[in-house]
Amino acid sequence: MGFSFANSWVLLFLLIIPLLVYFYKLYWRKRKEAALKFSALSIVKSATNKNRRGVWIRAHLPFLIFTIIIALIVVGLADPMIPLKTAKEGVNVVLAIDDSGSMQATDYQPTRLESAKDAAEILIRSLKPKDNVGIVIFESGATTACYLTPFKDKAIRKLKGIEQKTGRTAIGDGLSLAIDMATSIPNKKKVVILLSDGVNNAGVVSPQEAVQFARASKMQVYTVGLGSDQPAIIGYDLFGNPQYAELDEETLKTIAVETGGKYYKSVDKRTLDEIYANIG
């Protein structure tokens, strides 16, 4: 069972601890020298020989506690994750959320992205206690917003922290990362739920390649389309021409059908029950 950290760079702050120890030793050395100047040497030796261990503990315990607290805070901020290699129950559910520029369209109020986050929260709150949930976000590329965890409140906090981006849409990249995450804990069942407007125009991995990866991993992908039937204006170029965001339902439907999943146009509390019933 190995550890990994979502924010591993934070662990660099652990380097503060050796510095604290160095200055603490320096402080005590000077304090001891000062005490010897004003005390009879025989008295000092006599006092230090009596219950030496107890004196040492009382003198240094506050610093030890302080150092441990600092270390725990740093490790906590690094967001440690423990892969549950022996986990066999429950379902691994990974949400792949599109936060690209087209998701700022307001045909879904207040925006497509906020609607996707609302739908994702409904799904997370519908999960069972033994289920694990993870979140992947993608625009021009894909990244992890929340590693697989059984702690639903943590996932919801990460979900609410997702911000609107302005890049293009790399569905294949996002889907591939989500599939990889879903298989990282060997549960009996696993599923990816993709929330997007479906228009792929960026990335290294194509949607079809991601579908092949899903099929090779025996992964069902359920897709949720965000967007109206008509193109939505998301802004204007330098010449005043409107820029549109569309909904590509065909891509989303193809991904779902070819992986044994299903396409949804909306999400409610019964959606996850239906998905669970169909997981192979």
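Every number in this text was worked out from the coordinates using simple rules, so none of it is lab data. This is a predicted model, so every value here is computed, not measured. Neighbour counts run over all protein chains shown; Cβ positions are idealised from the backbone, glycine included.
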What ranking of LEU195, LEU26, LEU77, LEU123 emerges when the number of other C-beta atoms within 10 Å of each C-beta is taken as an exposure proxy, fewest first?
LEU26, LEU77, LEU123, LEU195
Calculate the spin-label point distance for ILE73 paired with ASP118, positioning each point 7 Å from the Cα along the beta-carbon direction, and give it in nanometres.
3.9 nm
With a 10 Å cut-off between alpha carbons and a GNM built on the chain, which of ILE137, ILE124, ILE73 moves the most?
ILE73
Sorted by Cβ neighbour density within 10 Å, fewest at the top, the residues ARG125, ARG58, ARG112:
ARG58, ARG125, ARG112
Set LYS160/LYS218; LYS165/LYS188; LYS154/LYS253; LYS130/LYS218; LYS117/LYS189; LYS189/LYS262, cut-off 28 Å on Cα-Cα distance; pairs above it are LYS160/LYS218; LYS165/LYS188; LYS154/LYS253
Point-to-point label distance, TYR244-THR106, nm (Cα→Cβ direction, 7 Å offset):
1.9 nm
Based solely on its DSSP helices, what 222 nm [θ] is calculated for the chain when runs of n ≥ 4 H residues each add -39,500 (n - 2.57) and the sum is averaged over all residues, nearest 500 deg cm²/dmol?
-13500 deg cm²/dmol
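Arrange the following residues from fewest to most other Cβ atoms within 10 Å of their Cβ: THR106, THR169, THR111. Display every interim value, and only then the final one.
Numbers: THR106 15, THR169 27, THR111 18.
Taking fewest neighbouring Cβ atoms as first place, the list is THR106, THR111, THR169.
Do you know the relative contact order of region 91-278, to the nearest whole percent, from alpha carbon pairs under 8 angstrom that are 6+ apart?
25 percent
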Using Cα springs under 10 Å in a Gaussian network model of the chain, which residue among ARG31, ARG168, ARG157 shows the largest mean-square fluctuation?
ARG31
Among (1) 25.6, 94; (2) 18.9, 65; (3) 27.1, 93, which is the computed Rg and Dmax of the Cα atoms in Å?
(3)
Are there DSSP H segments in the chain that both extend 30 Å or more along their axis (alpha-carbon positions) and score a mean Kyte-Doolittle hydropathy of at least 1.0? List them, or say none.
52-77
Between VAL199, VAL191, VAL75, find the one with the highest GNM mean-square fluctuation for the chain; connect C-alpha pairs within less than 10 Å.
VAL75
Note to self: C-alpha centroids of region 132-178 and region 201-230 sit apart, in Å, by 14 Å
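Report the extension gain between ILE233 and ARG29 in nm, rounded to one decimal, defined as 0.36 nm multiplied by the number of residues separating them, less their alpha carbon distance.
Values: separation 204, 0.36 × 204 = 73.44 nm, distance 7.02 nm.
Extra length from ILE233 to ARG29 when fully extended: 66.4 nm.
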How far is it, in nm, from the label point at LYS253 to the one at SER217 when both lie 7 Å from their Cα along the line to the Cβ?
2.6 nm
